[in-house]
Amino acid sequence: MRLARLGFVPVLGLLPLLGLACSDPASPTPRGGYTMNFADPGAACSAPGHLATLGEVSSAQKVRLVTDGDDDAVVDCSVSGSGSFSVSAMARNRAEAAEIHVKIDGITPAATRDAPVSGSISFSSAKTGGQTFYSDPETPCQFWFEGKQGVDAGKIWVNFECPAMLNEGEICQLRLGVLAFDGCGG
């Protein structure tokens, strides 16, 4: 007797295929970009001032964010929370030998230039001689939003300034920077 004649269809061969519909969706690949002015404010900073970029972002638009692994870049980030967000992000532009690490706790969409949120940044590049400069905990970096910028789970687009970036007695600055990250886990 054949099972098909009785209206039964063998499903054992389909069981492996049924499991495919139950798997978790793939995590998005992190993307990021930054533009910043590493500034030499005077005699206390021996590193030359220079513009550092990854991708193409400004306060007004995100033209191109770089995906982790593309353009010889490394991007890793986490933006988690609801209402108030914690941000941890890193982007390395191997072509320019530049790397930035960002940490912001408690940033909300209400952050403005007049009421910014404090955070920290470390930055190095070929033009800093490969030396890493760290934001001063006593005068931390300031982060704020303008126009279409904002923060939500998994993404941030924000302006920043760091009045004091320290390295072995030197004091430099990061002026008028912009960061954008998305595809960030939480």
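A short reminder: the numbers here are calculations on the coordinates, not readings from a lab. Small disclaimer: the values here were computed from a predicted structure and weren't measured. Cβ sites come from the backbone with ideal geometry, for glycine too, and all protein chains shown count toward neighbours.
Yes/no matrix, rows are residues, columns are (1) charged (D, E, K, R); (2) more than 23 Å from VAL79 (Cα to Cα):
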| residue | (1), (2) |
| --- | --- |
| SER124 | no, no |
| PHE133 | no, yes |
| THR139 | no, yes |
| PHE143 | no, no |
| GLU161 | yes, no |
| LEU166 | no, yes |
| PHE181 | no, no |
| CYS184 | no, no |
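Residues in region 91-117 that are part of a strand (DSSP E or B) and either small (Gly, Ala, Ser) or buried (at least 19 other Cβ atoms within 10 Å of the Cβ) (or both): ALA91, ARG92, ASN93, ALA98, GLU99, ILE100, VAL102, ILE104, GLY106, ILE107, VAL117. Filtered by the rule that a residue be part of a loop (DSSP other than H, G, I, E, B) and farther than 20 Å from THR128 by Cα, region 30-54 gives a lone residue, PRO30. Of the residues VAL151, VAL178, VAL158, the single one that is touching a residue at least 40 places away in the same chain (Cβ under 8 Å) and either outside any strand (DSSP E or B) or farther than 18 Å from MET36 by Cα (or both) is VAL151.
I'd like to know if region 141-153 contains one or more residues that are of a type in the set (Phe, Trp, Tyr) and surrounded by fewer than 22 Cβ atoms within 10 Å (Cβ to Cβ). Yes: one or more hits. Filtering region 118-148 to residues that are touching a residue at least 40 places away in the same chain (Cβ under 8 Å), assigned to a loop (DSSP other than H, G, I, E, B), closer than 23 Å to SER59 by Cβ and not hydroxyl-bearing (Ser, Thr, Tyr) leaves GLU146, GLY147, LYS148. Against the condition farther than 17 Å from THR29 by Cβ, exposed (fewer than 14 other Cβ atoms within 10 Å of the Cβ) and touching a helix residue (DSSP H, G or I) at 6+ places or on another chain (Cβ under 9 Å), how does ALA52 come out, does it pass? Spelling it out, it is not the case that ALA52 is farther than 17 Å from THR29 by Cβ, exposed (fewer than 14 other Cβ atoms within 10 Å of the Cβ) and touching a helix residue (DSSP H, G or I) at 6+ places or on another chain (Cβ under 9 Å).
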